[in-house]
1. Would you confirm whether any residue within region A:20-33 is touching a Lys or Arg at 6+ places or on another chain (Cβ under 8 Å), among the β-branched types (Val, Ile, Thr) and either more than 12 Å from chain B (Cβ to nearest Cβ) or closer than 25 Å to residue B:30 by Cβ (or both)?
2. Among all residue pairs at least 6 apart or on different chains, which show Cβ distances below 6 Å where the first residue, located in region B:235-255, is of a type outside the set (Val, Ile, Thr) and the second is in a loop (DSSP other than H, G, I, E, B) and surrounded by 17 or more Cβ atoms within 10 Å (Cβ to Cβ)?
3. From the list A:79, A:118, which residue is among the charged types (D, E, K, R), surrounded by 17 or more Cβ atoms within 10 Å (Cβ to Cβ) and within 13 Å of another protein chain (Cβ to nearest Cβ)?
4. Just the residues that are surrounded by fewer than 18 Cβ atoms within 10 Å (Cβ to Cβ), within 13 Å of chain A (Cβ to nearest Cβ) and touching a Pro at 6+ places or on another chain (Cβ under 8 Å), please, taken from region B:146-169.
5. Has region B:80-95 got any residue that is out of contact with any helix residue (DSSP H, G or I) (no Cβ under 7 Å at 6 or more places or on another chain), of a type in the set (Asp, Glu) and surrounded by fewer than 17 Cβ atoms within 10 Å (Cβ to Cβ)?
6. Counting only residues that are over 20 Å from the mean Cα position of the chain (by Cα) and either loosely packed, with under 14 Cβ neighbours inside 10 Å or within 14 Å of chain A (Cβ to nearest Cβ) (or both), how many does region B:39-52 have?
7. Restrict the check to region B:36-47 and report whether at least one residue is at pLDDT 90 or above, of a type in the set (Ser, Thr, Tyr) and under 27 Å from residue A:54 (Cβ atoms).
Amino acid sequence: MSPDRVQPLPLPVESSEPKVAEDAVPIVLVVVFLILFFCGLVYFDQRGAWFKPEVYVPYASITELQAFQPPTGGINLERGKALYESICGLCHNNDGTGKPNQAPPFAGSEWALGNPNRMIRIPLNGLNGSIKVKDTDWALSMPAMGAALSDEDLSAVLSYIRTSWGNKATPITSDMVKAVRGAVGTRTQMWTVEQLNAVQ
Amino acid sequence: MNYGPLLFLAAFAAMSASWFGFVIGPQAQLGRQQPAAMLGSPVTYPANRSGEARQGLQIYRANGCVECHSQQVRQTGTKLIVQLVELGTNQPALAATLKRELPSLPEAELTRAMEKLPAALLTTSARPDADVLMKAIAAAGGKCSLQIVPVGPDLERGWGKRRTVAGDFLYDSPVLPGYQRMGPDLANVGARNPDLNWQLCHLFWPRSEVAGSGMPACEFLFEKLPLGAVRSPDALVFPAGTDPVPGFQVIPTPAARSLAAYLLSLRADAPLFEAPFSAPAVAATSTNAPAVAPGSTNAPAPAAGTPPANPPKTS
């Protein structure tokens, strides 16, 4: 009896190449990925600062970064209003309309809106003699009401006058006040209109 | 199964995406930075390092200092502190304003704040809150200052005043920000310890300056000579009792000098637009008011922890 011959197993027939199943991706997965994508976009929009090179962590946007910049010593019009109402308003009126036979108006006044170098000199040393404001002659004497104020305070109150009650002139900075104070020096005499008109 | 081109394209897309993200993107974002003006000053930052310090950067790189030292200070947030620095002329009005604006502050605290200037009134991270208070104080005639204080663990360790930004490395080639911290961060080492002799002693024998330091000694950057009759003026001066080589004098080589010059040039402490901060307030005196007499309550208080520059004479 011949020994049993082991029959080799038939080689598996390779039927075809494997193919990607044609089943669609589960809709749940699609939704999950879309939600994740959306969250990513929202996160990027809120924290990414749109690739601005100035913005680093911990700041999330250029707006947030700007909120942490040191204040630039601007003109404080609220301080100007408070000072105006406690010093100037008694005669010139709180609404800038002036008082008859006491003080000329500021609203629309060519002196208040005009050359800052002339305007700054008036509170610094006062004004004597007649002055023409809005086609009316005023013959008065104003003492140096602003001489005791600091440069910042005087610039605040003058800027308030120049930007209130419909006035739209450029504000006066404390540097401008400082320059005029330096130019005036130790003068104690009141100004006259002629002298002011000579100032450029 | 001939997906070769598809696989190639997929691999190519994956590689180029990371190349764009890691190389081209940052280059487009930060690659063209220019020196910019510091906050509140026309001086531009950064200044180029001296030639010696630039050579020192190469020594720093060659000796692998960057393997253990980072040069990146991190920041987790920013505080705003409103400080009252001047009371002005109408103190009752100011007190009323403060009481109105800061209802949560106890009255005793308020009185103490007004007596001892400068006094921190409000600590916040919301600028509008600070602005409202500052406007109210200014309208009442007082003066206040806004202090911008970066916060974070690195800053608490005293490693800097603000976070590190790309501009700090503007002139460095290569940029060596480091990636791990076996030793302390060095972004501001030149500001922390501007003593050249200290830096050189520390490089020669770190344990002489910092007990228990794990830093390897860079003795090979120095020359050890027998102490002759005349001591070299260049020889290191070790703190008393810590001389690691008694009987010898240690002379730094040019390499050690340039490395120390590089370390001293590391000071990323300029306030910048992208990393703002401001120094603690000193009580401001208005430009045309007479200077405040020392000893009055309006005198600037010395910053906490630092001795006054000119201690008032008591005699």
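The values are calculated or read from the model by the stated rules, or taken from the named source; none is laboratory data. Quick caveat: nothing in here was measured; it's all calculated off a predicted structure. Quick reminder, even Gly has a Cβ in these numbers, built from the backbone with ideal geometry, and neighbours come from all protein chains shown.
1. No: zero hits.
2. Close Cβ pairs (under 6 Å, with a partner that is in a loop (DSSP other than H, G, I, E, B) and surrounded by 17 or more Cβ atoms within 10 Å (Cβ to Cβ)) amount to B:244/B:205; B:249/B:235.
3. A:79
4. Once the filter is applied, which keeps residues that are surrounded by fewer than 18 Cβ atoms within 10 Å (Cβ to Cβ), within 13 Å of chain A (Cβ to nearest Cβ) and touching a Pro at 6+ places or on another chain (Cβ under 8 Å), region B:146-169 yields only B:166.
5. Scanning region B:80-95, I find no residue that is out of contact with any helix residue (DSSP H, G or I) (no Cβ under 7 Å at 6 or more places or on another chain), of a type in the set (Asp, Glu) and surrounded by fewer than 17 Cβ atoms within 10 Å (Cβ to Cβ), so the answer is no.
6. 1
7. Within region B:36-47 (the criterion being at pLDDT 90 or above, of a type in the set (Ser, Thr, Tyr) and under 27 Å from residue A:54 (Cβ atoms)), the answer is no, since none of the residues qualifies.
Let's see how each residue does on (1) under 21 Å from residue A:80 (Cα atoms); (2) of a type in the set (A, V, I, L, M); (3) within 14 Å of chain B (Cβ to nearest Cβ):
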{"position": "A:111", "(1), (2), (3)": "yes, no, no"}
{"position": "A:150", "(1), (2), (3)": "yes, no, yes"}
{"position": "A:174", "(1), (2), (3)": "yes, no, yes"}
{"position": "A:192", "(1), (2), (3)": "no, no, no"}
